[in-house]
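Note sheet for the following structure.
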Amino acid sequence: MGENIAIMFIFILLVVFGLIFFFKVQTAGMKIKQQENIELSAVQAAQKVSFLPELRCSSENVLVPDCYDALKMAYIKDIAEDDSAYYYNIFKFSTIYVEEIFPGDRIWLLYNNTGGKEGKLATQIPISIYDPKTSALGSYYFGILHVWVWND
C-alpha cells in the first residue's frame, strides 16, 4: 500500500513539473510573438506614412519616390488634429516626425499620439525633403523619417 502511494506521489510531481515547464515555454513563445507583432506594426506605420498623398512631392503630377514636401509637412499636424479619428485608424499609438539632416536642422512633427504608453519601437527611413520656397525651382534636402510605435 505504501509503495502505491509513493508511486502516485512521484507521478503527480512529474505531471506538475511537466505542466509548469510547458506553461513557461508557452509564455516565452507568446512574448516573442508579441514583440514580433509590435515590430511588424512599426514597419507598417512607416510604410503607411511613406505613401500618404498628403505629404508626397510631385513634379508635373508624377510622384517623386521617398520625397516629402516641406510646405505640406508644415500643415499636416493641424490636419491630423482636426481629423484625429481618420489618422488614429492609420497610425494608432505612434509618434511620427521628419528631421532635416543636411543642410539645416529643422524638425516637422507630423503625428503624435502616445496614448500614455511608455515603451517604444523606433523605425528610421532616409528621405528627400523638397522645399519649394527656397528658389524658383525649389531645393532638395536630406532628412530622416522617424516612426515611433508606442506599446505597453
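Bear in mind these aren't lab numbers, they're just calculated from the coordinates by the rules spelled out. Values in this document were obtained by computation on a predicted structure and should not be read as measured data. Here Cβ is always computed from backbone atoms with ideal geometry, including for glycine, and neighbour counts include all displayed protein chains.
Annotations for the structure displayed:
- Of the residues making up region 100-126, those that are more than 16 Å from the chain's Cα centre (by Cα), within 22 Å of Ile79 (Cα to Cα) and not aromatic (Phe, Trp, Tyr) are Glu100, Arg106, Ile107.
Listed here are the residues, each with its yes/no results for (1) among the hydrophobic types (A, V, I, L, M, F, W, C); (2) closer than 16 Å to Asn112 by Cβ.
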position: Val15; (1), (2): yes, no
position: Phe21; (1), (2): yes, no
position: Lys33; (1), (2): no, no
position: Val43; (1), (2): yes, no
position: Arg56; (1), (2): no, no
position: Met73; (1), (2): yes, yes
position: Phe91; (1), (2): yes, yes
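- Of all the listed residues (Tyr86, Tyr75, Tyr111), the sole one being of a type in the set (Ser, Thr, Tyr), surrounded by fewer than 14 Cβ atoms within 10 Å (Cβ to Cβ) and closer than 30 Å to Gln34 by Cα is Tyr86.
- Unmet criterion (only one of (1) farther than 24 Å from Lys117 by Cβ; (2) part of a loop (DSSP other than H, G, I, E, B); (3) hydrophobic (A, V, I, L, M, F, W, C)) for Leu52: (1)
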